[in-house]
Number of protein chains: 2
Amino acid sequence: MDYRFAARMQSAPPSFLGRLFAVSNRPGVISFAGGLPSADCIDVRGLAAAAASVFAEEGRVALQYSTTDGYLPLREYIAERYRKRLGLDADPSEIQIVNGSQQCLDLVAKIFLDRGDPVVMERPGYLGAIEAFSLYEPVFHEVPLDEHGPDPDALARVVREFEPKFFYGIPNSQNPSGRTYSPESRAAVAEVLGETLMYEDDAFGELFFDGRPRVPIKRLLPDQTLLSGSFSKIVAPGMRIGWLYAPSGVLARFNTAKQAADLHSNFLCQKVLHRYLATSDLDEHLRRVTARYHRNCRIMCDLLDDRFPPGMTHTVPEGGMFLMATLPPGMDSMEVFEAGVREGVAVLPGHPFYVSGGGERAIRLNFSASSEEEIKEGLGRLSRVIR
Amino acid sequence: MDYRFAARMQSAPPSFLGRLFAVSNRPGVISFAGGLPSADCIDVRGLAAAAASVFAEEGRVALQYSTTDGYLPLREYIAERYRKRLGLDADPSEIQIVNGSQQCLDLVAKIFLDRGDPVVMERPGYLGAIEAFSLYEPVFHEVPLDEHGPDPDALARVVREFEPKFFYGIPNSQNPSGRTYSPESRAAVAEVLGETLMYEDDAFGELFFDGRPRVPIKRLLPDQTLLSGSFSKIVAPGMRIGWLYAPSGVLARFNTAKQAADLHSNFLCQKVLHRYLATSDLDEHLRRVTARYHRNCRIMCDLLDDRFPPGMTHTVPEGGMFLMATLPPGMDSMEVFEAGVREGVAVLPGHPFYVSGGGERAIRLNFSASSEEEIKEGLGRLSRVIR
C-alpha cells in the first residue's frame with residue numbers, strides 16, 4: 001500500500017544513528033560510537049531505595065496523571081542548583097520538565113520553526129539536533145567551531161544576513177567535537193547575536209574534569225536564551241528526564257506544545273529522581289563520575305598521540321563524553337567504520353554532523369562507556385585498521 | 001521581548017483543558033471534568049513489587065539508554081494480547097512504544113500532515129487529538145457521531161470530496177460522548193473509507209462493562225489502520241506508556257519521528273510494567289475496575305434521569321469513563337461550568353470538542369474518578385445549578 005506521508009518525511013531517512021548503533025552493538029565489538037554514560041556510574045542502589053520510598057509513601061499519587069509543567073519540587077531543585085552553581089536568577093516557574101533534552105530539540109523547533117526558517121548550527125553540529133530540527137524543514141546555516149568556540153565573524157554575518165530564528169550551540173564539551181567555548185567566545189557570541197535567540201544545550205556542563213562550572217550564555221543573555229539540561233548524563237538516561245529553562249514568554253508556548261505532545265513526562269520517575277536527589281550527594285557522585293571520564297579521556301588521547309599515524313589529530317576535551325579525531329589525509333570515515341566493525345571496533349563517522357557536506361575524515365569517539373581495558377584494546381584494533 | 005514563534009502557534013491558545021483542570025482541582029470541588037482512572041484501581045503494591053524486582057535483577061540495564069522501538073518483551077505482550085483478545089494477526093515488529101497514546105496523536109500527525117491537509121474527525125471529537133493535530137495546521141472535516149457510530153453517508157462524502165489523510169475515530173466508548181460504534185457501523189466505516197487511512201484510537205476497549213471485546217476496524221482494514229492503545233486507563237497513567245500498532249511501512253516513519261522526538265520512552269517503567277503484567281492477572285484486575293466503573297456509571301445515569309429537568313438528555317455508555325449530557329434548551333455549558341465551580345462541582349463544557357462550533361449545550365461527565373458518594377453529592381450540586 002502507498003502511504004501519503006507529509007513532505008517533511010522526505011528529508012528524514014531512517015535515523016543514521018539507529019542503523020549505526022545496531023551494527024555497533026554486535027557482540028564482540030568494542031563501541032566508541034554510542035553516547036552512553038558509564039553503567040558503573042549509575043547509582044542503582046540509591047535509585048532503588050528512592051523508588052521504594054516513593055511507592056511506599058505516595059505510590060497512588062505518583063502513578064496518576066499529573067501536570068504538564070512537571071513535578072514542582074524537582075523544578076525547584078533544578079532552579080536552586082542553577083542559582084548556586086551558575087549564579088543564574090532561576091525560578092521554578094521558568095522550568096519545564098521533558099523526556100530527556102532530546103524532547104527540547106523537538107519542541108523548541110516546533111514552536112519556532114516554519115518551513116524555510118533559518119537556523120544557525122555549529123559546524124560540526126549535534127546530530128540529534130539536526131534530526132529533530134529537520135522535521136520542521138528549516139534552512140540550516142553553519143558556523144565553524146574551532147578550539148575557542150564558534151567563529152564570531154561568521155556568526156555575525158549569518159545573523160545579519162538571514163535573521164535566524166535561533167542559534168543552537170553546545171558551549172560545554174560540545175557533541176561531537178568535545179570542544180568548550182572559551183570565556184571570550186561566550187562574550188563574543190552574546191555580543192554578535194544581537195536580538196537573536198540563543199538555544200544553549202547544556203547536557204555536559206556538570207561533567208568538567210576540573211569540576212569548575214563555566215559561565216553559561218544564559219547569564220549574558222537571560223531574556224533570549226533557552227537553556228536545556230538533562231539528568232541522563234549525571235544520574236541515569238533510562239528515566240528520560242530533562243528540562244528546558246526559558247523566559248516565561250517562551251515557556252508558555254513550549255508548555256502548550258509539550259501538552260499536545262504527551263500531556264506530561266513520567267510522573268513516577270520525576271518523583272523517584274527528586275527523592276534520590278534530595279537524599280544523596282550529587283556533587284560527590286559527579287566527582288566520581290568525572291574522575292573516571294577524565295582518566296578514560298587521558299588514556300584515549302595518549303593512545304591517539306602515541307599509536308596512530310602522524311597525520312591523525314584529535315581534540316582535547318575539558319569534560320563531557322566525546323572527542324573528535326581527524327583521520328590522516330586520504331582516508332574516509334565511513335570506510336574506517338566498516339573496516340573497524342569487521343575488526344571489532346566501532347567509531348562514529350563524522351560526516352552526518354556536517355549539514356552541508358564535509359567531515360569525511362572526522363570520527364567521534366566516546367570515552368565514557370568503556371573501561372580502561374576496552375579503550376586500550378579498542379584503540380589497538382582501530383590503529384590496525386587505520387595503518 | 002518579542003519572540004518570533006512559528007505560525008502554527010497562532011492557532012494554539014494555552015490549552016483549554018489545562019486552564020479548566022486548574023479550576024476543577026480547587027479544594028472542595030467535586031470534579032467530573034477530568035479523565036483520571038480511579039486511584040483505587042491502581043495496583044500500587046503490585047507495581048511496587050515489580051519495580052523492586054526490576055531494580056534488583058536488572059537495574060543497571062533498565063536505567064540506561066535503550067532502543068527507540070521499545071522493550072521487546074512488552075511489545076510481545078501487547079501483540080499476544082491482540083492475537084488472543086481481538087483475533088488480530090499482530091507481530092511485535094508492528095508495535096512501537098510511546099509516552100501514552102497522546103504521543104501517537106502528535107507523531108501520527110507529524111508523519112502525515114502538511115499544512116492544509118484534510119483530516120476527518122468525529123463530531124464531537126476528542127479534544128486531545130484536536131489540540132495535537134492543530135499544531136500541524138490541517139483542515140478539519142467533521143462527521144456527526146450518533147448512538148450507532150459516525151454517519152456513513154457524511155463520511156463517504158468527505159472521503160470522496162477531500163481525500164483526507166486519515167479518519168481519526170474512537171470506536172469504543174468514545175471521548176467525549178461515551179458512544180460505541182455498532183458492528184454494522186464498523187463495517188460501514190471500513191467500506192466507505194476506501195483507500196483512506198483509519199486512525200483507530202482504542203484507549204477504552206478493555207473497559208467494556210460486559211467484558212466483551214468489540215471487533216476493531218483494524219481487523220477489517222489491517223493494512224490501512226493505525227491502532228493506538230494505552231496502559232494509562234488499565235494499569236497506571238503516571239508511567240506514560242502507550243503504543244501504536246501499525247503496518248510496518250507506516251511504523252518505520254513513525255519510529256523516525258519518535259527517535260527525533262525523544263529517543264525512546266522511559267525504559268525503567270517499560271520494564272516495570274512488563275514485569276507487573278507478567279506476574280499479575282490483568283483480566284482479573286480489569287473485572288474489578290470495570291465493575292466499579294459500571295456501578296458509577298449507572299448511578300450517574302439514574303440521577304441524571306431522576307433529578308434533572310426533562311429537557312436534559314444523556315448518552316448511555318457501554319464502557320469507558322465518560323458520558324455526555326445535553327443541557328435543557330437555552331442553557332450554555334460555559335455558564336453551567338462557571339456556576340458549577342461556585343457551587344462546588346466541575347463539568348467539562350462540550351464546545352471545544354466541536355471543531356467548527358456548536359456543542360454549547362453539551363457537557364462531558366467523568367464517572368471513573370469519583371466515589372459513589374461524590375457522584376451523588378456532585379450531581380446534587382449540579383442539579384441545583386441547572387434548576
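The values are calculated or read from the model by the stated rules, or taken from the named source; none is laboratory data. Since the model is a prediction, treat every value here as computed from it, not as a measurement. Positions of Cβ are backbone-derived with ideal geometry, glycine not excepted, and every protein chain shown enters the neighbour counts.
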Self-check item: Residue list for segment A:257-283, restricted to those being acidic (D, E) and farther than 13 Å from A:V98 by Cβ
Solution: A:D281, A:D283
Exercise. Report the residue count in segment B:30-42 for those that are in contact with a helix residue (DSSP H, G or I) (Cβ under 8 Å, 6 or more places away or on another chain) and at the interface with chain A (Cβ under 9 Å from one of its Cβ atoms).
Key: 6
Quiz item: In segment B:37-63, what residues are among the aliphatic types (A, V, I, L, M), within 30 Å of B:P349 (Cα to Cα) and surrounded by 18 or more Cβ atoms within 10 Å (Cβ to Cβ)?
Solution: B:I42
Exercise. Considering each of A:S177, A:S101 in turn, give the residue that is within 14 Å of chain B (Cβ to nearest Cβ), crowded, with 20+ Cβ neighbours inside 10 Å, small (G, A, S) and within 22 Å of A:G320 (Cα to Cα).
Key: A:S101
Quiz item: In segment A:287-334, which residues are more than 15 Å from A:E206 (Cβ to Cβ), assigned to a helix (DSSP H, G or I) and in contact with a Ser or Thr (Cβ under 6 Å, 6 or more places away or on another chain)?
Solution: A:R307
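Given the residues A:P216, A:P183, which is the only one that is over 19 Å from the mean Cα position of the chain (by Cα), more than 10 Å from chain B (Cβ to nearest Cβ) and of a type outside the set (A, V, I, L, M, F, W, C)?
Every option except A:P183 fails the conditions.
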Quiz item: Looking at B:H141, B:H148, which one is under 21 Å from B:N172 (Cβ atoms), away from chain A (no Cβ under 14 Å) and modelled with pLDDT of 95 or more?
Solution: B:H148
Quiz item: In segment B:138-174, which residues are crowded, with 17+ Cβ neighbours inside 10 Å and in a loop (DSSP other than H, G, I, E, B)?
Solution: B:P138, B:D151, B:P164, B:K165, B:I170, B:P171, B:N172, B:S173, B:Q174
Quiz item: Considering only residues of segment B:82-92 that are assigned to a helix (DSSP H, G or I) and either without any contact (Cβ under 8 Å) to a residue 24 or more places away in the chain or touching a Lys or Arg at 6+ places or on another chain (Cβ under 9 Å) (or both), which is farthest from the other protein chains (Cβ to nearest Cβ)?
Solution: B:K84
Self-check item: segment A:318-345 - residue that is touching a residue at least 60 places away in the same chain (Cβ under 8 Å) and touching a helix residue (DSSP H, G or I) at 6+ places or on another chain (Cβ under 6 Å) and, of those, nearest to A:P27 (Cα to Cα)
Solution: A:G344
Practice problem: Could you figure out which of (1) more than 10 Å from chain A (Cβ to nearest Cβ); (2) modelled with pLDDT under 95; (3) under 30 Å from A:S53 (Cα atoms); (4) part of a helix (DSSP H, G or I) isn't true of B:P27? | Solution: (4)
Quiz item: Does segment A:349-356 contain at least one residue that is crowded, with 23+ Cβ neighbours inside 10 Å, closer than 26 Å to A:D40 by Cα, touching a residue at least 40 places away in the same chain (Cβ under 8 Å) and not aromatic (F, W, Y)?
Solution: no
Quiz item: How about segment A:100-137: which of its residues are in a loop (DSSP other than H, G, I, E, B) and within 16 Å of A:F353 (Cβ to Cβ)?
Solution: A:P124, A:G125, A:Y126
Quiz prompt | Criterion: closer than 30 Å to B:L20 by Cα and more than 9 Å from every other protein chain (Cβ to nearest Cβ) - qualifying residue of A:Y77, A:Y65, A:Y126 | solution = A:Y77
Exercise. Please work out if B:G59 is without any contact (Cβ under 8 Å) to a residue 24 or more places away in the chain and part of a helix (DSSP H, G or I).
Key: yes
Practice problem: Look through segment A:252-272, keep the residues that are in contact with a helix residue (DSSP H, G or I) (Cβ under 6 Å, 6 or more places away or on another chain) and aliphatic (A, V, I, L, M), and return whichever of them is farthest from the other protein chains (Cβ to nearest Cβ). | Solution: A:V272
Self-check item: Any hit, segment B:104-112, residues being more than 9 Å from chain A (Cβ to nearest Cβ) and touching a His at 6+ places or on another chain (Cβ under 7 Å)
Solution: no
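Report yes if A:L303 is touching a helix residue (DSSP H, G or I) at 6+ places or on another chain (Cβ under 7 Å), more than 14 Å from chain B (Cβ to nearest Cβ) and closer than 18 Å to B:G59 by Cα, otherwise no.
Here the answer is no, as A:L303 does not meet what is asked.
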Quiz prompt | Filter result (in contact (Cβ under 8 Å) with a residue 40 or more places away in the chain, of a type outside the set (A, V, I, L, M), part of a helix (DSSP H, G or I) and away from chain B (no Cβ under 14 Å)) within segment A:275-284 | solution = A:T279
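For B:F21, state whether it is assigned to a helix (DSSP H, G or I), aromatic (F, W, Y), at pLDDT 95 or above and surrounded by 14 or more Cβ atoms within 10 Å (Cβ to Cβ).
Here the answer is no, as B:F21 does not meet what is asked.
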